[in-house]
1. GNM, the chain, Cα, under 10 Å: largest mean-square fluctuation among Gly100, Gly216, Gly290?
2. From the protein chains alone at 1.4 Å, what is the descending order of accessible area for His355, His244, largest first?
3. Let's see if you can work this out: charge +1 on each Lys and Arg Cβ, -1 on each Asp and Glu Cβ, no other charges. What is the dipole magnitude of the chain about its Cα centre, in debye to the nearest 20?
4. For the pair Asp106 and Gln272, what calculated FRET efficiency results from E = 1/(1 + (r/R0)^6), where r is the Cβ-Cβ distance and R0 = 41 Å, to the nearest 0.05?
5. Give the cross-link partners of Lys186 among the aspartates and glutamates, using a straight C-alpha distance below 14 Å as the criterion and excluding same-chain residues fewer than 8 apart.
6. How would you order 178-190, 133-145 from highest to lowest mean count of nearby Cβ atoms within 10 Å?
7. Once you place label points 7 Å from the Cα toward the Cβ at Ala113 and Glu279, how far apart are they in nm?
8. On C-alpha positions alone, give me the angle between the axis of helix 305-319 and the longest principal axis of the chain, in degrees, nearest 10.
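The values are calculated or read from the model by the stated rules, or taken from the named source; none is laboratory data. All values derive from a computational prediction rather than experimental measurement. Counting neighbours? That spans all protein chains shown, and the Cβs are built from the backbone with ideal geometry, glycine included. In case anyone asks, the SASA skips ligands and DNA or RNA and just uses the protein heavy atoms, side chains included. Shrake-Rupley method; radii C 1.70, N 1.55, O 1.52, S 1.80 Å.
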Amino acid sequence: MKRVFSVSCWILGMVLFLAGGLAMAGDSMTITDMGGRKVAVPEPAKRIIAIGPGALRLICYLDAKERVVAIENFEKVRAQGRPYWIASPELKDLPLIGPGGPQHIDKEPDLEAVLKVNPDVIFATYTKPSIADALQKKIGIPVVILTYGPFPDFDEKLYESLRIAGKILRKTDRAEAVVNFIEGAKNDLQMRTKGIDPASQPTVYIGGVGFRGLQGIESTDPTYLPLEWARANNLAAAESKESHLFIDREKLLMWNPDIIFVDAGGYGLIKQDFEKKPEFYRSLKAFQNGRVYVLLPYIYYVANIGTAIADAYGAGKILYPERFQDIDPARKADEIYTFLVGAPVYKDMVRDFGHILAPF
């Protein structure tokens with residue numbers, strides 16, 4: 001049986017490779033992907049698949065989801081917390097090309113399933129160049145590496161990934177619009193908080209940050225992007241420059257922050273812990289003063305940029321209310337989601353996680 005599959009897969013792959021080669025000979029371009037590889041791709045790519053954490057999200061941001069011909073199973077079974085998926089219910093009916101998920105980074109998709117849907121290009125995130133080369137050689141379909149930058153967050157490498165995919169999909173204007181939108185939000189947040197006297201800033205802590213699963217109050221992020229963009233005085237930032245940190249409870253009691261934000265992904269665990277050990281939480285002045293607020297989880301299959309921006313505006317409204325008087329967090333979230341994923345899906349996020357800034 002394995003031999004029959006291998007032979008049929010090889011024959012089908014050769015047919016597609018030769019057919020693709022003929023098409024590309026007439027109309028193709030060569031790009032340099034985020035793995036530094038030069039890849040020849042059809043121009044434009046009309047049938048695509050996106051594998052790896054956050055790959056499909058980038059295609060949705062580029063308003064090219066109608067070209068997706070198959071998806072990873074992870075997209076269907078872990079549907080919470082990802083606005084691009086909520087806004088695109090039609091994607092769930094597409095064929096599956098492998099399990100996907102963080103555990104399958106650098107692992108091949110289901111090759112037979114990929115060949116059946118006959119994509120022009122495979123976009124893959126967080127894939128080693130050698131793995132991409134091997135996959136491309138094996139099935140004769142161009143593999144283009146994209147990235148968000150440091151896993152699981154994002155940096156300016158995300159912008160270059162959007163531009164590369166935008167060029168392949170003839171969505172260059174949309175790619176620039178997405179980059180400008182994200183940078184515009186960042187600049188607006190930075191302008192709103194410019195010149196704030198550090199001595200007047202409330203001290204802040206974010207707890208319940210997900211890390212290889214759901215976590216409790218001790219799980220935090222010294223570089224938590226919504227707090228960075230809102231110029232928050234994140235106490236954990238002085239402790240570490242890593243993107244995740246576990247602290248002990250004595251440290252949190254010593255810090256005793258003015259304001260505590262809770263990542264909604266860990267809200268349930270923290271709520272349970274509060275009921276078991278209320279004395280610990282009531283020793284913290286943020287709980288005593290009712291200054292504990294929920295933020296939407298933005299790390300769900302890598303960074304959901306729209307949610308990170310919405311959280312930043314929410315945090316800004318709590319930290320510096322006089323500078324964010326015009327911001328309604330719910331309306332702002334839907335404005336962001338509508339631009340990035342094409343639908344106002346805040347109500348769906350609320351259904352799963354509660355409102356931005358809901359009191360604990």
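1. Between Gly100, Gly216, Gly290, it is Gly290 that shows the largest mean-square fluctuation.
2. These residues rank, largest area first, as His355, His244.
3. So the dipole magnitude of the chain works out to roughly 620 debye.
4. Efficiency, from the Cβ-Cβ distance: 0.70.
5. Straight-line reach from Lys186, under 14 Å: Asp155, Glu156, Glu228, Asp311.
6. The packing order, highest mean first, is 133-145, 178-190.
7. Using points 7 Å along Cα→Cβ, the separation is 5.2 nm.
8. Here the helix axis deviates by roughly 10 degrees.
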